[in-house]
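Everything on this sheet refers to the single structure shown next.
The values are calculated or read from the model by the stated rules, or taken from the named source; none is laboratory data. Everything numeric here is computed off the predicted structure, so don't read it as measured data. Here the Cβ positions follow ideal geometry from the backbone for every residue, glycine too, while neighbour counts run over all protein chains shown. Side chains are part of the model used for accessible areas, which takes the heavy atoms of the whole protein and leaves out ligands, DNA and RNA. Shrake-Rupley method; radii C 1.70, N 1.55, O 1.52, S 1.80 Å.
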Amino acid sequence: MFEGKKVLFSGMQATGNLTLGNYLGALRNWVNLCDEYECFYSVVDLHSITIRQDPATLRKRARSLLMIYIAAGLDPEKNCLYYQSHVSGHAELAWILDCFTYMGELNRMTQFKDKSAKHADNINAGLFTYPVLMAADILLYQADVVPVGIDQKQHLEITRDIAQRFNAIYGDVFTIPEGYYGKVGAKIMSLQDPSKKMSKSDENPNGSIYLMDDPDTVMRKCKRAVTDSEAQILYRDEQPGIHNLIDIYSACTSKTPEEVVKEFDGKGYGEFKMAVGEAVISVLKPLQQRYAELEKDKAYIDEIIKANAEKASYVSSKTLRKVQHKVGFPDRVR
Ligand code: TRP
């Protein structure tokens, strides 16, 4: 469909504020992928309501995420950036795939176990079938590759299993997607607990640098970052806090960890943390400026939302019609 270009699909939830980890580990590395792949990036709002959300906040954050995609450099002419809820095929295919997914498989999903422990008062069916919706996202676009973090690997596996099961019954309907582990982005850990990933759902705001944090806040968080009492800047597992700061500095300046170690040889943690803060600030600045401009241009964003939802609907309807026919639903009368 796309002149031989392979298809890439990924999605992000608009829950919580995006962190430096999301940017350096994912978003930033997506920018040039459109040269090689036909890219779809969805704001997966259907997934978000598996956890209770305040409607006004969700709506605001969904729009904000879409603008962050653009501010981070994803060109909306070259990448399809859209809201999952604007394309009805996601929910429709998810239902069909539900009927090809076993309870036992879903029971094994570690994210379901984690989330149901965390939200024990609201273990809803959507939380349980979350991976099937994710499979629908990916398979609707016949995606060849899916850039995902480690935490989503199990969901990609079940997507492949569902697709293979369906194909075994009905013939070659779905492309079997692969994980995209091309240029892996930096894995950024929490500033307060370097054994945990920096996460937008972290309850301690000092653990994460948010993309919209102002320079003072960034600097304050860097200065407060948990380190150790070794008093030497070395890149090794025994110093996870310093290791993480080196990773951040290195990702922001494109220097290798070895170069960073050399640069700060004999220097104190205080000085190093300031340098990390400065480096982060200079990476966030252009993104924040672009975001502020986009915020003012409502008509432009609205146009992108509309045009890209139409494109996504068109592409996904091809797969959906085929699947509906395969399972035996009556064809539409034109
Ligand atoms: N579950 C993913 C996450 O929380 C988001 C997501 C939804 C996704 N659908 C997807 C990621 C399809 C990749 C492909 O990170």
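Ignoring ligands, DNA and RNA, please state the percent of accessible area on the range 58-116 from carbon and sulfur, probe 1.4 Å.
Result for the range 58-116: 54 percent of the exposed heavy-atom area is carbon or sulfur.
Suppose R0 equals 30 Å; then what is the FRET efficiency for Glu295 and Ala168 from their Cβ-Cβ distance, rounded to the nearest 0.05?
0.05
For the chain, which span is the longest to avoid every loop-located (per DSSP) member of GluC sites (Glu not before Pro) having at most 15 other Cβ atoms inside 10 Å?
Longest gap between qualifying sites, sites excluded: 78-202.
Under the definition of Cα pairs under 8 Å and six or more residues apart, what whole-number percent is the relative contact order of the chain?
Relative contact order here is 21 percent.
When the chain is fully extended, how far beyond the present Cα-Cα distance does Ser317 get from Glu238, taking 0.36 nm per residue of separation?
23.3 nm
May I ask you to evaluate 6.51 cos²θ - 1.76 cosθ + 1.60, the Karplus curve with θ = phi - 60°, for each residue of the range 8-17 and list the ³J(HN,Hα) values in order in whole Hz, giving x for glycine and proline?
10, 10, 8, x, 9, 8, 8, 9, x, 8
Based on the Cβ-Cβ distance from Ala56 to Thr110, what FRET efficiency comes out when R0 is 41 Å, to the nearest 0.05?
0.80
Where the accessible area of the range 259-300 is counted over protein heavy atoms with a 1.4 Å probe, how much of it, in %, is carbon and sulfur?
52
If I stretch the segment between Lys326 and Ala231 completely, what's the gain in nm (0.36 nm per residue apart, minus their alpha carbon distance), one decimal?
Residue separation times 0.36 nm, minus the Cα-Cα distance, leaves 27.7 nm.
Rounded to a whole number, what % of the accessible area of the range 133-210 do carbon and sulfur atoms account for, probe 1.4 Å?
52
How much of Met212 can a 1.4 Å solvent probe reach, expressed as accessible area in Å² and rounded to 10?
My reading of the accessible area for Met212 is about 80 Å².
What pairs from Lys113/Lys273; Lys153/Lys298; Lys113/Lys196; Lys118/Lys298; Lys60/Lys255; Lys196/Lys273 go past 26 Å between their alpha carbons?
Going by Cα-Cα distance, Lys113/Lys273; Lys153/Lys298; Lys118/Lys298; Lys60/Lys255 fall outside the 26 Å limit.
Among Ser313, Ser42, Ser116, which one moves the most in a GNM of the chain with springs linking Cα atoms closer than 10 Å?
Most flexible of the set in this elastic network: Ser116.
Which of Ala251, Leu8, Leu127 sits farthest toward the positive end of the charge dipole of the chain, with +1 on the Cβ of Lys and Arg and -1 on the Cβ of Asp and Glu?
Leu127
For the range 139-291, what is the accessible area per residue in Å², given a 1.4 Å probe and the full set of protein chains?
49
What whole-number value in Å² describes the accessible area per residue of the range 17-77 for a 1.4 Å probe?
40
Give, rounded to the nearest 20 debye, the magnitude of the charge dipole that the chain has about its Cα centre when Lys and Arg contribute +1 at Cβ and Asp and Glu contribute -1 at Cβ.
700
Could you calculate the FRET efficiency of Ile123 with Lys255 from 1/(1 + (r/R0)^6), where r is the beta carbon distance between them and R0 is 56 Å, rounded to 0.05?
My answer for the efficiency is 0.75.
Mind telling me which of Gly266, Gly241, Gly207 comes out most flexible in a GNM of the chain, alpha-carbon contacts under 10 Å?
Comparing Gly266, Gly241, Gly207 in a Gaussian network model of the chain, the most mobile one is Gly266.
Out of residues 5 or more away from Glu178 or on other chains, whose amide H comes under 5 Å of its own, with H placed 1.01 Å from N in the peptide plane?
Counting only residues 5 or more places away or on other chains, the set is Val145, Val146.
Who wins for biggest fluctuation among Thr129, Thr110, Thr19 in a Gaussian network model of the chain, springs between alpha carbons below 10 Å?
Thr110
Which percentage, to the nearest 5, of the DSSP beta bridges contained in the chain is antiparallel?
10
Let's see if you can work this out: charge +1 on each Lys and Arg Cβ, -1 on each Asp and Glu Cβ, no other charges. What is the dipole magnitude of the range 255-297 about its Cα centre, in debye to the nearest 20?
Once rounded to the nearest 20, the dipole reads 60 debye.
Just read off the accessible area of Tyr181 with the full protein assembly in place, 1.4 Å probe, to the nearest 10 Å².
Using a 1.4 Å probe on the heavy atoms, I get roughly 110 Å².
Rank by packing, highest mean first: peptides 325-332, 138-145, with packing defined as the count of other Cβ atoms within 10 Å averaged across residues.
For the peptides 325-332, 138-145, the packing ranking is 138-145, 325-332.
Suppose we keep just the alpha-carbon trace of the range 88-228; what are its Rg and Dmax in angstrom?
18.7, 58
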